[in-house]
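Report on one structure; see the data block that follows.
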Amino acid sequence: MENKISVRAVATIATSLVAAVISLKLSSVIPLIGPLLWALIIGIIVANSPEPISGRLRTTGGGVQMMLRLGVAMIGLKLSLYDLLALGLPGLIVIVATVTATYVGTLWLGRILRLESGLVQLIAGGFAICGAAAIVAINETVRANRRDVGLALALVTLFGSLMIILIPASSRALGLSTEQAAIWAGASIHEVAQVVAAASLIGTAALAPATTIKLGRVLMLAPVVAFAGRSRSDAQRSPSPLPWFVAAFLVAVVIATTGVLPPAVLRVTDLITVLLLAAGMFGLGTGIAVKDLWPIPKRALALSVGATFIATGVALLCVLTLV
């Protein structure tokens, strides 16, 4: 029995990693759709295939969860506190104000719309911090059902993708400078890959400030996860407000700040991070039925619209005032 379980676990990990590699290849062909979204799409396709296919390729289980957790932890290696401090006080204010307003404002809207608390927490964290990675991390504490996780992932991907086009176009219409537009993009768009795509549309000089601001938002993951854990009072609440992989994320930030890892090693860890997250996203996708996501509930859609307006509005106000 143990051998069968071990073989199954190895097969699960192998299948997920193959899907992750395919996702990387697809994202290189269509950059506007990042590898995490491709992996999720492939997983959903598998889940909704005929039973002989979906039964063989479905990859739920501890191995998938572990890959997701390790991937979130390794994101910290991208973050140097020196880069963050180089933004100065205005940049830090933009980050903290946008993340706080988006997260708290979305929780407030969710209560008004009477949505399930777990779904609201996932959408709030995904829109405020770093998209899919934040949703995965926060779900470790709020323990939402698989349908709500899938719905939150779909919504954060949809709105983040729309903002790749809307933020650069709006920046030009408003007459923002390259620096202002870059900071606005980094402070309001959800996924790191989406921020990079939007910055490339703004201009070459926008890439560095946009990415730095975005990674500053990622650093807010730890306090938000801790808050989400403390805010739960039901039986599904995690016994620890800060999961081990979020603590590992903070350790990784410290390591990145020391500069002990050479660029060649960091390039390898970046690739491993994407592969782990994509493999985990594929696993999540294999547990999602399209009939459970479509049509998108109107109240969840309204919450996502509200979260987007808060993020873009607060970030723009800060940019116009401080930059």
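The values are calculated or read from the model by the stated rules, or taken from the named source; none is laboratory data. A quick note: this is a predicted structure, and the numbers were derived from the prediction, not measured. Cβ coordinates were reconstructed from backbone atoms using ideal geometry, including for glycine residues, and neighbour counts include every protein chain displayed.
Yes or no: region 177-189 includes at least one residue that is among the acidic types (Asp, Glu) and under 30 Å from residue 65 (Cβ atoms).
no
Might you check whether a residue that is among the basic types (Lys, Arg) and either crowded, with 24+ Cβ neighbours inside 10 Å or at pLDDT 85 or above (or both) occurs anywhere in region 225-243?
No - not one qualifying residue is present in region 225-243.
Which of the residues belonging to region 280-315 are more than 21 Å from the chain's Cα centre (by Cα) and at pLDDT 90 or above?
The one that is more than 21 Å from the chain's Cα centre (by Cα) and at pLDDT 90 or above: 299.
Looking only at region 131-146, decide whether some residue is in contact (Cβ under 8 Å) with a residue 12 or more places away in the chain and either on the phi > 0 side of the Ramachandran plot or in contact with an Asp or Glu (Cβ under 6 Å, 6 or more places away or on another chain) (or both).
Yes, there is a match, as at least one residue in region 131-146 is in contact (Cβ under 8 Å) with a residue 12 or more places away in the chain and either on the phi > 0 side of the Ramachandran plot or in contact with an Asp or Glu (Cβ under 6 Å, 6 or more places away or on another chain) (or both).
So how many residues does region 148-165 have that are touching a Gly at 6+ places or on another chain (Cβ under 9 Å) and either under 12 Å from residue 301 (Cα atoms) or not polar (S, T, N, Q) (or both)?
Final tally of qualifying residues: 8.
Filtering region 61-116 down to residues that are assigned to a helix (DSSP H, G or I) and charged (D, E, K, R), which residue is surrounded by the most Cβ atoms within 10 Å (Cβ to Cβ)?
Per the criteria, the residue is 69.
When you go through (1) more than 19 Å from residue 192 (Cβ to Cβ); (2) at pLDDT 80 or above; (3) charged (D, E, K, R) one by one for residue 51, which number turns out not to apply?
The single condition residue 51 does not satisfy is (2).
Can you pull out every residue in region 122-147 that is surrounded by fewer than 24 Cβ atoms within 10 Å (Cβ to Cβ) and either part of a helix (DSSP H, G or I) or not hydrophobic (A, V, I, L, M, F, W, C) (or both)?
140, 143, 145, 146, 147
Given the conditions (1) within 14 Å of residue 72 (Cα to Cα); (2) without any contact (Cβ under 8 Å) to a residue 40 or more places away in the chain, report the number of the one that residue 169 does not fulfil.
(1)
Counting only residues that are free of Cβ contacts under 8 Å to residues at least 60 places away in the same chain and touching a helix residue (DSSP H, G or I) at 6+ places or on another chain (Cβ under 6 Å), how many does region 83-115 have? Before the answer, list the steps.
Of region 83-115, the ones free of Cβ contacts under 8 Å to residues at least 60 places away in the same chain are 85, 88-89, 100, 104, 107-108, 111-112.
After this cut, where a residue has to be touching a helix residue (DSSP H, G or I) at 6+ places or on another chain (Cβ under 6 Å) as well, the list is 107.
Going through region 83-115 one residue at a time, the tally reaches 1.
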